[in-house]
Structure formats: C-alpha cells, structure tokens
1. Based on alpha-carbon atoms only, what is the radius of gyration of the range 9-95 relative to the globular estimate 2.2 N^0.38 Å?
2. At 20 °C and 1.002 mPa s, what whole-number value in µm²/s does Stokes-Einstein give for the translational diffusion of the range 56-136, with Rh from the Kirkwood sum over Cα pairs?
3. For the chain, would you read off the P(r) tail past 26 Å as a percentage of all alpha carbon pairs?
4. Provide Thr89, Thr108 ordered by accessible surface of protein heavy atoms (probe 1.4 Å), highest first.
5. Could you work out the relative contact order of the range 9-129? I mean the mean sequence separation of Cα pairs under 8 Å and 6+ apart, divided by the number of residues, in percent.
Amino acid sequence: DYRRQRIPNPKQQQAIDDMLRTLGDDADLKMDSFSQTLRYLRGNLSKLVKTSLDYQQAKMNQDFPSMTLALMQEINTVMNVQNPSAEFTSKNVSVDELGMIHVKMQQTYMDIPVYGAEVGVHFDANHNPIQISGVYTSSPSHIANVQQKITSGSAVALAKEAISMGGN
C-alpha cells in the first residue's frame, strides 16, 4: 500500500497526500521510488479535475488529449513534471469494445521525443478519467539546452560504415 511509503521531496509528498485524501480509500497509487514518478493511479480521477476550467472545456469538446493534459496539470507535482503541456504530446487515441477511451501521450523535451517515455490515460464509457499509468522521466531541470550533434543522414552513414566494418 502506497500510503505507507514516503517520497523524499516534501512538496511532492504533500501533493500525494492531498491527492489521496481527495480520491478516498478506493484509490490505488504506485510510484517509482527511484525516479519519484507516478507509475499507476486508479480511482475516480474526475474528482481531481472538477474545478479545472481547461478540463471542463476540453470535455465539452470531447477533446481527450486536452482532457489528459488538464488532468496531468492538476497532478503535475505528484507526477514530478513541471509543465505537462510543454512536455507531452498526444500519440494516439483509441476506443475499445467497451466504449472506453485510451489516450497515449509521448513525452518530449524541447520537441525531441524521449525514447520509451509514454503515459496512458483511460476514460470510462462516460468519458470520466479512471486510470493513468506509464513510464516517463521527471522534468529535466538540470539540462540547459539540447542541440542536435549529427544529422539523420550522418547517423545513417555512420551506421552503414559500422556495419560494413563488422562484416570484414
């Protein structure tokens, strides 16, 4: 049970405690203790966005990626992400046979996709968020700038060269 675990960051721990108090005893939370990021949260997540104007507007428009970003913004301190709207983009939206909507978000840094960093948010058939899960990294506050070192063409040429050397 997560309620017995503690996160070293007091601000994040307070946000977790407040969120769990809002969600009640039926919430299920799993955090990555190493990266201090959210791995899984299930419950009536509508409680977290009931006062979010961004969420309400997106829901009226059935804009599920924007609904997802608004939810992530409401729990950004829990997630250990500074600005979800700047750090995540919609990868895809799908509807399953039960009418549940699944939104997959790709984490980016300075418009560069972070390999393997994705978050999924699941909405029930009534369009209420019920689960968020994924693997991502906390906001990189220590990286000042990212610049491309080589072009994609150079990368392909280097890879071909490496392959041809290994074949001899």
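The values are calculated or read from the model by the stated rules, or taken from the named source; none is laboratory data. Just so you know, these numbers come straight off a predicted model, no measurement behind them. These area figures cover heavy atoms from the full protein model, side chains too; ligands, DNA and RNA do not enter into them. Shrake-Rupley method; radii C 1.70, N 1.55, O 1.52, S 1.80 Å.
1. Normalised by 2.2 N^0.38 Å, the Cα Rg of the range 9-95 equals 1.09.
2. 168 µm²/s
3. Of all Cα-Cα pairs in the chain, 36 percent lie more than 26 Å apart.
4. Output order, biggest surface exposure first: Thr89, Thr108.
5. Relative contact order for the range 9-129 comes out at 18 percent.
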